[in-house]
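**Q** Please find one structure pasted underneath; my questions will follow.
The values are calculated or read from the model by the stated rules, or taken from the named source; none is laboratory data. Source: prediction; values computed, not measured. Backbone-built Cβ (ideal geometry, glycine too); neighbour counts: all protein chains shown.
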């Protein structure tokens, strides 16, 4: 049975609204502290720059914008994360409309993503992975639009969003490689238009300041990435074992996705037409980035973190709907929507249960309590405000986030030096290991939880 055209805009809007409400509310009421990656981004954001030691700057920029608007309200950062998720969903819907000219197909392409836990269960933690989502979808959208219309606006926007994606996380380049492969296909078919090179203007215009920062910082993010791989500890079997584990996890992650999909089709009979430009485009942007990740693991032997794959499956729903579109049966969609609703309820319920029953998570850290004690002791001893907090991104980042003055985070503790900030008008708080800090602190020292606190300021 051929599916009729159905206007599903209201359904999409309701779904997006519900997704934002649920995944903002649940972590807001169940967590006592923001997750690690969000706190790290907030620490970096207190010192706005074109890059940081671990990652490019976009995630830090976004949380700092929200801090300036909402302050240290935890719900705001869960909300920020969901805005990034639903923006990606909406763009995928618009992209799908162009592919199918059938809004029910477009809607299914988006709803299928609720079967991938990257887009629900893990999204409360705003980080570089979540930060890529809207730019991944926008890059694909304007790439396809540019290919179809060959207009300057689309190509410039392609370069802009691609650059923002790279500024979110370097792994974004795997998508750009996939796009370049498709361009090579167009060149081979003599369907390539050189006007697309206009995208390089906006791409490099946005990225040039970051490249300058990289050179000035002695390529700090690359050094961190290489250190994180642990290449010096890699053994021969790791080149086999880790890729297999990687593939196994990917199949496991997609099980709910496939379960939802099977309830929508009459038979599992995909249509592969390698002469179809739409099919090849979807195939390349979906499969090539995954294959590049697999190749990375094969060549380096490194263990890939599952969360790194967060944006890679955004267009998987579109791809499967496209190759199975002739097997969709209208009356079976009620089963699809039933499975969708079960997953939509199950994921936040599971998140809530874990949050309420496990008490040893990062989100149980008493960051607000520690900051209140530090604030009280500071006001009892010093007359100036706290301008800088030193220590690692987690402990010092929590202080930077919760303290009244929004002090800047600094990793000065890593140098083993404890001195007053350059601005003598502001004070300094250092958090770190008690044994080390107690010996080098030249101000007020005390211990709280498992951390030592050193405070240096203008005495009352």
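**Q** When the residues of the stretch 250-298 are narrowed to those that are buried (at least 17 other Cβ atoms within 10 Å of the Cβ) and touching a strand residue (DSSP E or B) at 6+ places or on another chain (Cβ under 8 Å), which ends up farthest from residue 337 (Cα to Cα)?
**A** By that ranking, first place goes to 265.
**Q** Could we say that residue 83 is over 17 Å from the mean Cα position of the chain (by Cα) and surrounded by fewer than 20 Cβ atoms within 10 Å (Cβ to Cβ) here?
**A** no
**Q** Let me ask something else. Going by the conditions given, is residue 47 in contact with a strand residue (DSSP E or B) (Cβ under 7 Å, 6 or more places away or on another chain) and modelled with pLDDT under 95?
**A** yes
**Q** If you go through the stretch 71-93 one residue at a time, do you hit one that is outside any helix (DSSP H, G or I), touching a helix residue (DSSP H, G or I) at 6+ places or on another chain (Cβ under 9 Å) and closer than 22 Å to residue 11 by Cβ?
**A** No: the stretch 71-93 contains no residue that is outside any helix (DSSP H, G or I), touching a helix residue (DSSP H, G or I) at 6+ places or on another chain (Cβ under 9 Å) and closer than 22 Å to residue 11 by Cβ.
**Q** For residue 47, are the conditions met, namely being part of a loop (DSSP other than H, G, I, E, B) and either without any contact (Cβ under 8 Å) to a residue 60 or more places away in the chain or farther than 25 Å from residue 160 by Cα (or both)?
**A** no
**Q** Test of understanding: among 192, 222, 182, which residue is under 26 Å from residue 275 (Cβ atoms) and free of Cβ contacts under 8 Å to residues at least 24 places away in the same chain?
**A** 192
**Q** Quickly run through the stretch 426-444 and pick out the residues that are part of a loop (DSSP other than H, G, I, E, B) and over 17 Å from residue 396 (Cα atoms).
**A** 442, 443 - these are the residues of the stretch 426-444 that are part of a loop (DSSP other than H, G, I, E, B) and over 17 Å from residue 396 (Cα atoms).
**Q** Name the residue, out of 209, 256, that is over 21 Å from residue 138 (Cβ atoms) and touching a residue at least 12 places away in the same chain (Cβ under 8 Å).
**A** On inspection, the qualifying residue turns out to be 256.
**Q** Need at least 1 residues that are more than 13 Å from the chain's Cα centre (by Cα) and closer than 30 Å to residue 23 by Cα per element, so show me which helices (runs of 4 or more DSSP H) inside the stretch 117-202 make the cut, counting only ones lying wholly within it.
**A** In the stretch 117-202, the matching helices (runs of 4 or more DSSP H) lie at 133-149, 152-168, 173-188.
**Q** Condition test on residue 370, is it at pLDDT 95 or above, touching a helix residue (DSSP H, G or I) at 6+ places or on another chain (Cβ under 8 Å) and not assigned by TED's automatic domain parsing to the domain that holds residue 19?
**A** yes
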